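Reading through the structure tokens given below for one structure.
The values are calculated or read from the model by the stated rules, or taken from the named source; none is laboratory data. Only a predicted model underlies this, so the values are computations on that prediction, with no experimental measurement involved. Note that each Cβ is placed from the backbone with ideal geometry, even for glycine, and that neighbours are counted across all protein chains shown.
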Amino acid sequence: MLSLPINEQLKNLLSWQQSVFCMALSEHTVLHFHLFCDAIESDLGDDIDKLNELFWEKMTVKGAKINFTTQQEQFDEIIPDMRDHDFYGVYPAIDHCVILSCAFNTFLIKSNEEALDASQTSFSTIASFIELQSDTEIDDEALIAEPLFIEQLEFQTELLRMLDNARSPELIKSIRAFVRSHGVTNLGIALTD
């Protein structure tokens, strides 16, 4: 596990903050799943969008009733299997699913590790991308000097700063808007509307 200045803060988030943090990272990386779906000519991206939308609805619409156990069963069926694909794009797509699983867990098992796991997964995606480009393993010291890493740490730090406010639908909507306005995924791929 990467030792980062935000790790302790991530472990100490309240349950709703854990959920929103994981949802924000899911929103931040969902394009990777879409790119994978485009590559295999699949429409599963629509399914992943619906799931992501349900999480935001649960957190911003008072009285929203969502059966996350049923949703997770459907989600489990669309997670790509890396053994079925021989191109890099499957890995960021799987990492997105890991982050979305963390969001599910914040509603289903109330663990206080989910935000940290989602954070570490996001950094792991960056590490594997850099290793692919350089064709060598990257150690933690080299990783933390990488521009993608630095930008992601700043992004997550800003999410935590925003979460350090009283819970309200407006705050949660503003966090989602912040993620969308960021303009790129954690791998620096430009978001499109």
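If the condition is being of a type in the set (S, T, N, Q) and closer than 28 Å to LEU14 by Cα, then region 124-183 contributes SER124, THR125, GLN152, GLN156, THR157, ASN165, SER168, SER174, SER181.
From the list THR60, THR29, exactly one residue is touching a Lys or Arg at 6+ places or on another chain (Cβ under 8 Å), in contact (Cβ under 8 Å) with a residue 24 or more places away in the chain, under 20 Å from ALA177 (Cβ atoms) and of a type in the set (S, T, N, Q). Which is it? Steps first, answer last, please.
Numbers: THR29 fails: touching a Lys or Arg at 6+ places or on another chain (Cβ under 8 Å).
Going through THR60, THR29 in turn, just one is touching a Lys or Arg at 6+ places or on another chain (Cβ under 8 Å), in contact (Cβ under 8 Å) with a residue 24 or more places away in the chain, under 20 Å from ALA177 (Cβ atoms) and of a type in the set (S, T, N, Q): THR60.
Of the residues CYS102, CYS97, the single one that is in contact with a Cys (Cβ under 6 Å, 6 or more places away or on another chain) and part of a helix (DSSP H, G or I) is CYS102.
Return yes when ALA145 is without any contact (Cβ under 8 Å) to a residue 12 or more places away in the chain, surrounded by fewer than 15 Cβ atoms within 10 Å (Cβ to Cβ), under 23 Å from PHE33 (Cα atoms) and not β-branched (Val, Ile, Thr) and no when it is not. Outline the logic, then answer.
Values: without any contact (Cβ under 8 Å) to a residue 12 or more places away in the chain: yes; surrounded by fewer than 15 Cβ atoms within 10 Å (Cβ to Cβ): yes; under 23 Å from PHE33 (Cα atoms): no; not β-branched (Val, Ile, Thr): yes.
The answer is no for ALA145.
Every residue, every condition in (1) of a type in the set (A, V, I, L, M, F, W, C); (2) more than 13 Å from GLU27 (Cα to Cα); (3) modelled with pLDDT under 95; (4) in a loop (DSSP other than H, G, I, E, B), yes or no:
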{"site": "LEU148", "(1), (2), (3), (4)": "yes, yes, no, no"}
{"site": "THR157", "(1), (2), (3), (4)": "no, yes, no, no"}
{"site": "ARG161", "(1), (2), (3), (4)": "no, yes, no, no"}
{"site": "ALA166", "(1), (2), (3), (4)": "yes, yes, no, yes"}
{"site": "ILE172", "(1), (2), (3), (4)": "yes, no, no, no"}
{"site": "ARG176", "(1), (2), (3), (4)": "no, no, no, no"}
{"site": "VAL179", "(1), (2), (3), (4)": "yes, no, no, no"}
{"site": "GLY188", "(1), (2), (3), (4)": "no, yes, yes, yes"}
{"site": "THR192", "(1), (2), (3), (4)": "no, no, yes, yes"}
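ASN52 meets each of the listed conditions (1) in a loop (DSSP other than H, G, I, E, B); (2) surrounded by 11 or more Cβ atoms within 10 Å (Cβ to Cβ) apart from (1). Answer yes or no as to whether GLY45 is touching a Cys at 6+ places or on another chain (Cβ under 6 Å), farther than 17 Å from ALA177 by Cα and either of a type in the set (Gly, Ala, Ser) or at pLDDT below 95 (or both). Yes.
Counting only residues that are touching a residue at least 12 places away in the same chain (Cβ under 8 Å) and surrounded by fewer than 20 Cβ atoms within 10 Å (Cβ to Cβ), region 38-49 holds 6 of them.
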